[in-house]
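S.K.: Can you keep this structure in mind? I'll have questions shortly.
The values are calculated or read from the model by the stated rules, or taken from the named source; none is laboratory data. Here the structure is a predicted model, which is why all the values come from computation and not from measurement. Using ideal geometry, Cβ is built from the backbone for each residue, glycine included, and neighbour counts are taken over all protein chains shown. All accessible areas refer to the heavy atoms of the entire protein, side chains included, with ligands and DNA or RNA removed. Shrake-Rupley method; radii C 1.70, N 1.55, O 1.52, S 1.80 Å.
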Amino acid sequence: MGETRVSDGFPTLAGVLFGLGLGGFFDGVVLHQLLQWHHMLSNWYPIVDVPSLELNTVWDGIFHSSTYVFVVIGLLILWRTAHRRHLLWSNKLLVGTLLLGWGLFNTVEGIVDHEILGIHHVNEHYTGRVRIVFDLGFIVWGLTMLAVGWLLLRQGKRETRAAA
């Protein structure tokens, strides 16, 4: 029978990459497609005609492709680590790193794309103060996920070490 080891060698990068990908998928599917609050370049190229919709749709696809790459790389890292030997990890390690990645996505995307570059905003159906509330809420949501993820990661490491 295979050996079961308790290890604190959890592949943190794998979980963070999964979280980045899931955060991007949520943003792209829910905010871009279902709610249609914004598209990738919709503040620079507002959706006023078919060509601007086509341009934004292509960039949405490029965005989705990059989030897909994050998930695939995260899966490969996790697979390589787990395939070497059977390991026992706290579930909090995976959930914590997923939240770290998703929170990192929201925080960086919110600050860089929404505020610094202004390529789009969370909800472009509004302007002024209402728009900034959505943008800041997105960043706060990201920072909250970062904080909770970090706490879960720490708890998971302690649990995994205690199980050893």
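S.K.: With respect to PHE134, is the statement that it is within 12 Å of the chain's Cα centre (by Cα) and in a helix (DSSP H, G or I) true?
M.R.: Answer is no for this residue.
S.K.: Oh, and also: Quick test for you: out of HIS120, HIS114, pick the one residue that is at negative phi and not in a helix (DSSP H, G or I).
M.R.: Sole residue among the options that is at negative phi and not in a helix (DSSP H, G or I): HIS120.
S.K.: Report, by residue number, each residue of segment 43-90 that is in contact with a strand residue (DSSP E or B) (Cβ under 9 Å, 6 or more places away or on another chain) and either closer than 26 Å to GLY110 by Cβ or part of a helix (DSSP H, G or I) (or both).
M.R.: The answer is THR81, and nothing else.
S.K.: Considering every residue within segment 87-98, establish whether at least one is farther than 21 Å from LEU20 by Cβ and open to solvent by 50 Å² or more (accessible area, probe 1.4 Å).
M.R.: Yes, because at least one residue in segment 87-98 is farther than 21 Å from LEU20 by Cβ and open to solvent by 50 Å² or more (accessible area, probe 1.4 Å).
S.K.: Hey, another quick one. For SER66, which of the numbered conditions (1) surrounded by 14 or more Cβ atoms within 10 Å (Cβ to Cβ); (2) polar (S, T, N, Q); (3) under 28 Å from LEU99 (Cα atoms) fails to hold?
M.R.: (1)
S.K.: Now, a different point. When you scan segment 99-130, how many residues do you find that are open to solvent by less than 70 Å² (accessible area, probe 1.4 Å), closer than 16 Å to LEU41 by Cα and in contact (Cβ under 8 Å) with a residue 12 or more places away in the chain?
M.R.: Qualifying residue count for the region: 10.
S.K.: Kindly list, by first and then second residue, each pair from a residue in segment 54-72 that is acidic (Asp, Glu) to a residue that is open to solvent by less than 50 Å² (accessible area, probe 1.4 Å) and not in a helix (DSSP H, G or I), limited to pairs with Cβ atoms under 7 Å and residues at least 6 apart or on different chains.
M.R.: ASP60/HIS39; ASP60/MET40
S.K.: Spot the failing condition for LEU31; the list is (1) touching a residue at least 40 places away in the same chain (Cβ under 8 Å); (2) touching a helix residue (DSSP H, G or I) at 6+ places or on another chain (Cβ under 6 Å), and only one is missed.
M.R.: With (1) touching a residue at least 40 places away in the same chain (Cβ under 8 Å); (2) touching a helix residue (DSSP H, G or I) at 6+ places or on another chain (Cβ under 6 Å) applied to LEU31, the lone miss is (2).
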